[in-house]
Amino acid sequence: MTTSTTATKPGAPDAPDVPISDPTPGAAAHVPAIRSLRRLLPYARPALPALIGSALTATVAMMCGLAFPLVIQMVIDGPIAQRDMSALWPLAGLLLALGVFEAGLFWVRRMLSARPTMAVEATMRASIYDHLQRLPVSFHDRWPAGQLMSRAVSDLATIRRFLAFGVVFLFVNLTTFVVGVIILLTLSWQLGLIIAALALPLIALCSLYETRYQVLARRSQDQVGDLATRVEESVLGIRILKAFGRSRYFSRQFLAEATALRETEIGKAKVVSKLWAVIIALPEIAFGLTLFLGIKQVADSSLSAGTLVAFFGVALGLRWPIDSIGWLLAMSNDAASATQRYFEVMDSPVTVSSPEHPQRASVPRGRVEFSGVRFRFADTSPDVDDLLRGIELSIAPGETVALVGATGSGKTTLTSLVNRLYDVTGGSITLDGIDIRDLDLADLRAQVAVAFEEPTLFSASIRENVLLGRPTGSDEDVLAALAVAQADFVQDLPWGLDTRIGEQGLSLSGGQRQRLALARAVVGNPAVLVLDDPLSALDIHTEAQVERALRSVLAGTTALVVAHRASTVQLADRVALLVDGRIAAVGTHSELMSAEPGYRDLLASQEDTAAAGLRRTREAGLPAHRSGNPTQPEVTP
Ligand SMILES: Nc1ncnc2c1ncn2[C@@H]1O[C@H](COP(=O)(O)OP(=O)(O)OP(=O)(O)O)[C@@H](O)[C@H]1O
Ligand SMILES: [Mg+2]
């Protein structure tokens, strides 16, 4: 994770007091800016004609600027020197025309570059969103949401600004400098050489500052990501923070991170201002020198006064191209590290994907078999054994198997393997005899529906939330699924199926959300239904109703149901007991109750917890309503 620390990276330049972020996942070592920026080319290609047009327009505009002093030279050495006022008017008209033309060109430049670069930004944003959707859950386990948000939003804006201004002005200013120096050399080669010699120290300075600045640019963008994560977590967890009175504690942490970001930004400004100071000072020295020599040459009559004025006019026209180097360098480095951060996500491999030539079951029936299934999370330390260590379990078509195990034994993990949210790290899972990795991923996920322990709902209508399980379903399908899930509360909502539920469905109760998630799982009539403790938040009465309705659905569907309670277990044809990463026993509920002391103890302890909870609620005069995962005490084998 990317919590900020106050440690200083060894060798971090310039700002020893600046707190830095731990490297974000995938953070690469220092890469020259140009190499990072080159990767933008495929995305920028459609905008290239417009960008080239924009750069050429701006270059011509700058050339107009350089032509001004040459016309003034003609005015001084012509009409003024010869006191011929009639020759002045055409030259004055030329100056006016040049000015109007230059202004028009700048307007055209802006019009040319704005729209195509916004299109590049939009395409890149769509690509990263699409990639984030395809990346496996294991990727999302590792990456904080704020880091992903900042890459998809602010980093892409930085890249767009670079394409619209940075890259254009890099070209324009460099060309202007080269053309300007050539004009200066033709006006006076001795004086011109002094200005041309400026290029050498400038190049050396820029390469020196590039590395320094890029470290800070990267750090600042990572810190923006940390900050976004912090905001996201505190907004989502606002109830907990308020309930525990920890808002101030989180505010302090937020402030510390915001301060760290400010320090980095100040560090960036310091680097740029130092560079800027030198960049401004160098031309001043060169100009002073050329002025001294130039006046001497005019005094010697080896240079005309008009030529000297023209020389300084052109030289002053080169001020902006030189001064802007610091700004452009900063912009390029910001864009380079934004590009790096973007591609760190884009380069993350989609490890869970459809095979090239997917197999198809001739008659899908829904037989699920686990053979020697092993699994460990990627971040598990090497001295810890696999979480699942050789699961053997066969579920016949139409059969319902309950999965029972201690908390933390890996039940949720096992259910996540069936639709390939994670891929097994050993052994295999087959659906109708075909390894699930050989099936088309979309097909597999259409056949295997899941309802998770923590139901996630989206800010959308009830209908949209349920139809996530079957995009082409009708209102009848939604109503039938809601009936199975006993979600009749929907009828009492102000707009029925069209009622929008708040962010993550916060405006619904836990039990209501669970029932919607269950409806979403059953709406598609899947061949295989995976339910991770789907009824834990329901009261006894509603649970019994859902169970009755589920029985009719489960009759034709293969189901794997994680259960903590005897009542849920009773839905199942067989029960599998998960102990130490293996299926320790399989049998009916009563068989396991009599033959497996471990199973008996497990259910008994859960029933005790539930009974205690129920006693407490009764004593408090509250209706029997379960929280957490207690077991229904009334149901005995
Ligand atoms: N994304 C993850 N990365 C690393 N470890 C994880 C991850 N998810 C779960 N674990 C670990 O794997 C173990 C099994 O977790 P799992 O959620 O499968 O347990 P469970 O049997 O469903 O528990 P419960 O009954 O409490 O729901 C736990 O020790 C947990 O800390
Ligand atoms: Mg679980």
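When only Cα pairs below 8 angstrom with a gap of at least 6 residues are kept, the range 98-234 shows a relative contact order of 38 percent.
Between the amide H of Gly427 and those of Arg374, distances stay under 5 Å, these residues lying 5 or more places away or on another chain, with hydrogens modeled in the peptide plane.
Could you pull out the trypsin sites (Lys or Arg not before Pro) across the range 110-165 that fall in loop regions by DSSP (anything but H, G, I, E, B) with no more than 13 other Cβ atoms inside 10 Å? Walk me through the numbers on the way to the answer.
On the way: sites: Arg110, Arg125, Arg134, Arg142, Arg151, Arg160, Arg161; in loops: none.
Loop-located and lightly packed - none at all.
Inter-part distance, the range 243-295 to the range 29-75, computed on C-alpha centroids, equals 26 Å. The amide H of Ala584, built 1.01 Å from its N in the peptide plane, has Leu577, Leu578, Val579 as neighbours under 5 Å, considering only residues 5 or more places off or on other chains. Mean separation of Cα pairs under 8 Å and 6 or more residues apart, divided by the residue count, gives the chain a relative contact order of 14 percent. The overall shape of the range 355-507, judged from the alpha-carbon gyration tensor, is prolate: a/c is not under 1.5, and a/b is greater than b/c.
3J(HN,Hα) along the range 466-483: 6, 6, 4, x, 6, x, 9, x, 9, 4, 4, 4, 4, 5, 5, 5, 5, 5 Hz, from the Karplus curve 6.51 cos²θ - 1.76 cosθ + 1.60 with θ = phi - 60°, whole Hz, x for Gly and Pro.
Over the range 480-598, Cα pairs under 8 Å with separation of 6+ residues give a relative contact order of 22 percent.
Write down the percent of antiparallel bridges among all DSSP beta bridges whose residues are both part of the chain, to the nearest 5. The partial results should precede the final answer.
Numbers: 21 of 40 bridges.
Of all bridge pairs located within the chain, approximately 50 percent are antiparallel.
Taking the radius of gyration and the Kirkwood hydrodynamic radius from Cα positions alone, what is the Rg/Rh ratio for the range 513-559, to two decimal places? With Rg and the Kirkwood Rh in hand, the quotient comes to 0.94. Couplings 3J(HN,Hα) for the range 79-95, derived from phi with the Karplus relation 6.51 cos²θ - 1.76 cosθ + 1.60 (θ = phi - 60°), are x, 6, 5, 9, 6, 10, 5, 5, 7, 6, 4, x, 5, 5, x, 4, 4 Hz, where x marks Gly and Pro. Classify the range 247-294: rounded, prolate or oblate, from the alpha-carbon gyration tensor (a ≥ b ≥ c, eigenvalue square roots; a/c under 1.5 rounded; otherwise prolate if a/b is larger than b/c)? Prolate, because a/c is 1.5 or more and a/b exceeds b/c.
When a/c reaches 1.5 or more, the comparison of a/b and b/c decides; with that in mind, is the chain rounded, prolate or oblate per its Cα gyration tensor?
Prolate is the answer for the chain, as a/c is 1.5 or above and a/b outweighs b/c.
Coupling constants for the range 343-357 follow from the phi torsions by the Karplus curve (6.51 cos²θ - 1.76 cosθ + 1.60, θ = phi - 60°), and in residue order they are 6, 4, 6, 5, 7, 5, x, 7, 7, 10, 8, 6, x, 5, 10 Hz; glycine and proline get x. Reported to the nearest whole Å, the Cα centre-to-centre distance from the range 417-495 to the range 518-558 is 12. Distances between placed amide hydrogens fall under 5 Å for Val561 paired with Val401, Ala402, Leu403, Leu531, all partners being 5 or more residues away or on another chain.
Computed from the coordinates by the stated procedures, all read-outs in this text should not be read as laboratory data. Values in this document were obtained by computation on a predicted structure and should not be read as measured data. We place every Cβ from the backbone using ideal geometry, glycine too, and count neighbours over all the protein chains shown.
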